[in-house]
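Participant: Provided herewith is a single structure, encoded as structure tokens, for subsequent inquiry.
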Amino acid sequence: MNWNSPAEFFAMGGYALYVWGSFGVCALAMVLEPWLVRQRRNTIVQSLRRQARAEKLDKEHA
Amino acid sequence: MSNRLINWFKYASPASFYPVAGKMIPWFWLLAAMFGAAGLWLSFFVAPTDAVQGEGYRIIFVHVPASWMSMFIYLVMAGWAGIGLALNARLSGMMAQALAPTGALMAFLSLWTGAFWGKPMWGAWWVWDARLTSELILFFLYLGFMALQAAIDDPRRADKAGAILALVGVVNVPIIYFSVKWWNTLHQGASVSITKAPSMAMTMLWGMLLMALCLWMYSIAVALTRARAIMLEREAHADWVKTLAEVRA
């Protein structure tokens, strides 16, 4: 084990800004990207659903 | 004999690839989480402090895997693009398009974490060094590929134009990889070499490999999810899309 206390862990031997700046941005990116992809999927699925409903209504009223 | 061979062309159509990809995605997320947890544990709690760089060297555990993935994803993307050009298969273009943003993200993370490592160790966020510059060009190649595809309305023509750009850009990948050998650079040499015995502690090496596997599984999961969205967007009027359970009215 390298650390004697949580404070020592977060200080990263004086390199806190650089280590956490690297890992933090990577973590943020790996949360944001899947979220954006999910949004993209929801958009297209919703538009396809609307289309299907419209076609169904068209058939019922024909 | 024929029934013993898997008919790979069957999966080359979006209609049959879409459900298969949907079943695989959760497993890749699970693998990414497992490799990530193990990799982070090794990176922060098992790998020893570096004699020269202290705790600052721990950036390696995310910098090297992101850099590997940025190059590897480019090769896979160019491979799909090449298959698309040669066989004129619809799926290939969709896969290349799905990989590009994730590859661009990995190239960005490689540059970002590199800057955050360069500042404390070299005293500069950025230098115009061969390794850094060629990685920056890779990032621009991804952006160029995405911009070119977005600028062409007809998706099949966009695929072809993008494929040529992707294939020409492949020349940059060996330049990045060998840049530290070909030129005298500030950047250190390859971290892992097949021909040399590893020069770092085994725990460091394992931490890096596990983090690389995590990013690999993550990239597959995200790219497959994006590919499925692209399939729906492009094939919105196809019968197979209309019969999907998630789409039916």
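The values are calculated or read from the model by the stated rules, or taken from the named source; none is laboratory data. Just so it is clear, the structure is predicted and the values come from calculations on it, not from any experiment. Note: ideal-geometry Cβ built from the backbone for every residue, glycine included; neighbour counts use all protein chains shown.
Participant: Taking the criterion of being of a type in the set (A, V, I, L, M, F, W, C), in contact (Cβ under 8 Å) with a residue 60 or more places away in the chain, closer than 30 Å to B:Glu235 by Cβ and surrounded by fewer than 22 Cβ atoms within 10 Å (Cβ to Cβ), would at least one residue in segment B:5-14 satisfy it? Spell out how you get there, then give the answer.
Facilitator: Initially, segment B:5-14 is screened for residues of a type in the set (A, V, I, L, M, F, W, C), giving B:5-6, B:8-9, B:12.
In the following step, the residues that additionally are in contact (Cβ under 8 Å) with a residue 60 or more places away in the chain were identified as B:12.
Then drop every residue that is not closer than 30 Å to B:Glu235 by Cβ, which leaves B:12.
Remaining after also requiring surrounded by fewer than 22 Cβ atoms within 10 Å (Cβ to Cβ): B:12.
Yes, there is a match, as at least one residue in segment B:5-14 is of a type in the set (A, V, I, L, M, F, W, C), in contact (Cβ under 8 Å) with a residue 60 or more places away in the chain, closer than 30 Å to B:Glu235 by Cβ and surrounded by fewer than 22 Cβ atoms within 10 Å (Cβ to Cβ).
Participant: Same structure, new question: Check every one of the helices (runs of 4 or more DSSP H) wholly within segment B:46-155 and list those with 3 or more residues that are surrounded by fewer than 22 Cβ atoms within 10 Å (Cβ to Cβ), among the hydrophobic types (A, V, I, L, M, F, W, C) and away from every other protein chain (no Cβ under 12 Å). Let's see the steps before the verdict.
Facilitator: Values: elements: B:60-87, B:90-122, B:130-151.
Per the criteria, B:60-87, B:130-151.
Participant: Shifting gears a bit: Taking B:Ala223 and the conditions (1) in contact (Cβ under 8 Å) with a residue 12 or more places away in the chain; (2) part of a helix (DSSP H, G or I); (3) more than 10 Å from chain A (Cβ to nearest Cβ), which numbered condition does it fall short on, given that it satisfies the others?
Facilitator: (3)
Participant: For segment B:12-48: of the residues being out of contact with any Lys or Arg (no Cβ under 9 Å at 6 or more places or on another chain) and β-branched (Val, Ile, Thr), which is farthest from B:Leu213 (Cα to Cα)? So that I can check it myself, show each step before the final result.
Facilitator: Quick first cut of segment B:12-48, residues out of contact with any Lys or Arg (no Cβ under 9 Å at 6 or more places or on another chain) only: B:15, B:19-20, B:23-24, B:26-42, B:45-46, B:48.
Narrowing further to those that are β-branched (Val, Ile, Thr): B:20, B:46.
Details: B:Val20: 22, B:Val46: 18 Å.
Only one residue fits best here, namely B:Val20.
Participant: Considering only segment B:49-63, I want to know if a residue exists there that is in contact with a strand residue (DSSP E or B) (Cβ under 6 Å, 6 or more places away or on another chain) and under 30 Å from B:Thr133 (Cβ atoms). Spell out the reasoning first.
Facilitator: So the first thing to find is which residues in segment B:49-63 are in contact with a strand residue (DSSP E or B) (Cβ under 6 Å, 6 or more places away or on another chain), and the list is B:57.
Now narrow it down to the ones that are under 30 Å from B:Thr133 (Cβ atoms): B:57.
Yes, some residue in segment B:49-63 is in contact with a strand residue (DSSP E or B) (Cβ under 6 Å, 6 or more places away or on another chain) and under 30 Å from B:Thr133 (Cβ atoms).
Participant: From the list B:Leu167, B:Leu132, exactly one residue is closer than 20 Å to B:Pro65 by Cβ and in contact with a Leu (Cβ under 9 Å, 6 or more places away or on another chain). Which is it?
Facilitator: Numbers: B:Leu167 fails: closer than 20 Å to B:Pro65 by Cβ.
The unique qualifying residue is B:Leu132.
Participant: Would it be correct to say that B:Leu105 is within 30 Å of B:Gly56 (Cα to Cα) and out of contact with any strand residue (DSSP E or B) (no Cβ under 7 Å at 6 or more places or on another chain)? Outline the logic, then answer.
Facilitator: Values: within 30 Å of B:Gly56 (Cα to Cα): yes; out of contact with any strand residue (DSSP E or B) (no Cβ under 7 Å at 6 or more places or on another chain): yes.
Against the criterion (within 30 Å of B:Gly56 (Cα to Cα) and out of contact with any strand residue (DSSP E or B) (no Cβ under 7 Å at 6 or more places or on another chain)), B:Leu105 qualifies.
Participant: Checking the condition more than 8 Å from chain B (Cβ to nearest Cβ) and assigned to a helix (DSSP H, G or I), which residue from A:Leu32, A:Leu48 passes?
Facilitator: Working: A:Leu48 fails: more than 8 Å from chain B (Cβ to nearest Cβ).
The unique qualifying residue is A:Leu32.
Participant: Same structure again: Just one of (1) assigned to a helix (DSSP H, G or I); (2) at the interface with another protein chain (Cβ under 9 Å from one of its Cβ atoms); (3) under 23 Å from B:Ala47 (Cβ atoms) trips up A:Val37, so point out which.
Facilitator: Failed condition: (3).
Participant: Next question. Would you mention how many residues in segment A:1-29 are assigned to a loop (DSSP other than H, G, I, E, B), surrounded by 13 or more Cβ atoms within 10 Å (Cβ to Cβ) and either among the charged types (D, E, K, R) or at the interface with another protein chain (Cβ under 7 Å from one of its Cβ atoms) (or both)? Steps first, please.
Facilitator: Our first condition is that a residue be assigned to a loop (DSSP other than H, G, I, E, B); within segment A:1-29, this holds for A:1-5, A:15.
Those left that are additionally surrounded by 13 or more Cβ atoms within 10 Å (Cβ to Cβ): A:2-3, A:15.
Those still in the list that are either among the charged types (D, E, K, R) or at the interface with another protein chain (Cβ under 7 Å from one of its Cβ atoms) (or both) too: A:2, A:15.
Residues that pass the stated criteria total 2.
Participant: I'm checking my understanding of the structure. Among residues of segment B:34-45 that are within 11 Å of chain A (Cβ to nearest Cβ) and not aliphatic (A, V, I, L, M), which one is surrounded by the fewest Cβ atoms within 10 Å (Cβ to Cβ)?
Facilitator: Narrowing segment B:34-45 to residues within 11 Å of chain A (Cβ to nearest Cβ): B:36, B:40, B:43-45.
Checking which are not aliphatic (A, V, I, L, M) leaves us with B:36, B:43-45.
Numbers: B:Gly36: 19, B:Ser43: 23, B:Phe44: 18, B:Phe45: 13.
If we take residues in segment B:34-45 being within 11 Å of chain A (Cβ to nearest Cβ) and not aliphatic (A, V, I, L, M), then B:Phe45 is surrounded by the fewest Cβ atoms within 10 Å (Cβ to Cβ).
Participant: List every residue pair whose Cβ atoms lie under 7 Å apart, where the two residues are 6 or more positions apart in sequence or sit on different chains, the first residue falls within segment B:27-53 and is aromatic (Phe, Trp, Tyr), and the second residue, located anywhere, is modelled with pLDDT under 95 and surrounded by fewer than 17 Cβ atoms within 10 Å (Cβ to Cβ).
Facilitator: B:Phe45/A:Met1; B:Phe45/A:Asn2
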